[in-house]
Amino acid sequence: MKTKRVAVLGSTGSIGLSTLDVLARHPERYRVTALAAHSNVSRLQEQCLAHRPRYAVVVDAAAGAQLARELRRAGSSTEVLIGEQALSDVAAHDEVDVVMAAIVGAAGLASSLAAARAGKRILLANKEALVMSGPLFMAAVREGGATLIPVDSEHNAIFQCMGADRVAATPGDESGSGALRGCGVRRVLLTASGGPFLRTPLEALREVTPEQACAHPRWVMGRKISVDSATLMNKGLELIEACLLFALPPSQVQVVVHPQSIVHSMVEYVDGSVLAQLGNPDMRTPIAHALGWPERLASGVESLDIVGAARLDFEAPDIERFPCLRLARAAAEAGGAAPAALNACNEVAVAAFLERRLAFLEIAEVIERVMARHRTAPAATLRDVLEADAWARREAQAEVAARAGVFA
């Protein structure tokens with residue numbers, strides 16, 4: 001069995017840590033060739049000493065120089081590469097077979113595209129890259145002969161329920177309609193935990209702090225994605241991602257709140273059958289599935305105690321409490337560059353909230369005001385995408401500045 005060489009982009013985040021945990025359980029199958037982070041030198045140094053990759057990429061120049069010094073002192077032979085271009089270089093490197101794309105936000109777009117064009121197996125955990133570039137990304141996967149496997153627990157569940165031949169980027173399917181051709185899908189049910197504020201009265205949300213928003217009841221995640229989960233924008237981005245991955249119109253993707261986070265998503269077929277993927281809420285399950293597919297690998301996740309779980313609850317999301325879900329669906333329906341603009345607005349607004357320059361409910365307000373001014377335009381090229389992203393960031397930053405609200 002040939003050892004697969006893996007690059008983990010975003011190795012110091014929660015997905016990166018879980019990926020390295022799964023890889024360490026299968027040393028005969030995988031070798032870590034590259035690790036990449038933005039600036040977390042201490043954690044990246046520990047990872048380099050433990051996994052001994054050939055390359056370590058650090059986006060921040062000062063942090064990269066510090067890491068190089070520390071690794072030399074420790075006698076490590078890992079070569080440190082610095083800058084955003086180095087991310088793309090590693091993602092497309094001849095010595096890399098598998099790319100875990102786990103860099104959060106728009107920062108992961110270029111490296112994800114590079115991996116697609118180079119024909120890698122891409123384990124996609126960065127939903128923003130796909131949301132931003134949409135059909136461009138899927139076309140790059142097809143044209144590059146890459147294999148795209150979603151790692152988000154919901155999309156990985158859909159992948160398992162539908163089968164690999166249903167992914168819209170199947171090599172050779174130039175139409176991008178592979179998801180629906182002959183498979184009889186009626187709709188996809190995308191589950192959401194509801195986040196920490198599922199039962200919180202709307203008025204009380206005005207006083208929510210970053211600490212409260214980041215305290216997810218089921219998942220351990222980074223701060224940005226935790227806030228997205230609290231606003232349900234994360235689920236909105238996942239709705240857009242599902243449409244792109246499986247060539248589904250927004251009308252065939254329904255969000256369902258499922259507080260237990262045991263059913264990770266469902267697929268309903270025209271004969272009335274509903275297939276669901278269940279498991280404990282642990283990201284090592286979809287990571288292990290994506291790494292091993294079409295085989296199954298041990299992930300280290302405990303078996304699901306279905307009797308102990310006792311009950312599975314489902315309900316419709318409250319759009320009044322979670323307007324970000326409505327805004328995301330509107331962007332999915334508009335298409336073109338609208339999802340890129342939506343993602344950019346959200347990144348700016350969430351960052352302002354985490355810096356206490358914006359109240360929790362103002363996140364959606366900023367996004368809505370900017371998107372109301374956005375004029376739908378095609379996203380035929382990467383330049384179109386980046387221009388929409390830049391415009392929305394400027395507009396959102398102006399909205400945040402105009403509010404000038406500081407809350408504690």
Revision key, fill the gap. Once amide hydrogens are built 1.01 Å from N within the peptide plane, the residues lying 5 or more places from residue 377 or on another chain with amide H under 5 Å from its amide H are 337, 338
Exercise for review: Kindly report, to the nearest 10 Å², the accessible surface of residue 127 as traced by a 1.4 Å probe over protein heavy atoms only.
Suggested key: 0
**Study point:** Probe 1.4 Å, all protein chains present, accessible-area order of 356, 284, 54, 73, largest first
**Key:** 73, 54, 356, 284
Review point. Just by accessible area at a 1.4 angstrom probe, what is the order of 94, 389, 89 from largest to smallest?
Key: 94, 89, 389
Exercise for review: Work the Kirkwood hydrodynamic radius out for segment 1-120: mean of 1/r over every pair of different alpha-carbon atoms, inverted, in Å.
Suggested key: 13.9
Revision key, fill the gap. With every protein chain in place, the accessible area of residue 391 for a 1.4 Å probe, in Å² rounded to the nearest 10, comes to 60
Exercise for review: Taking the Cα atoms of segment 277-341, report the difference between the largest and smallest coordinate on each principal axis, in whole Å and largest first.
Suggested key: 41, 31, 14
Exercise for review: Report the equivalent ellipsoid semi-axes for segment 286-393 in whole Å, largest first, defined as the square roots of five times the eigenvalues of the gyration tensor built from alpha carbon atoms.
Suggested key: 34, 22, 15
Review point. Rank 306, 225 by accessible area, highest first, at a 1.4 Å probe radius?
Key: 306, 225
Revision key, fill the gap. Quotient of Cα radius of gyration and Kirkwood radius for the chain, i.e. Rg/Rh, equals 0.95
Exercise for review: Pick out the long, greasy-scoring helices in the chain: whole DSSP H runs spanning 20 Å or more along their own axis by Cα, mean Kyte-Doolittle at least 0.0.
Suggested key: 338-354, 360-373
Practice item. List the equivalent ellipsoid semi-axes of segment 65-151 in whole Å, largest first, each obtained as the square root of 5λ for an eigenvalue λ of the Cα gyration tensor. Key: 27, 14, 10
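The values are calculated or read from the model by the stated rules, or taken from the named source; none is laboratory data. None of these values were measured; they are calculated from a predicted model. Each accessible area value is taken on the protein alone, full model and side chains, heavy atoms only, with ligands, DNA and RNA left out. Shrake-Rupley method; radii C 1.70, N 1.55, O 1.52, S 1.80 Å.
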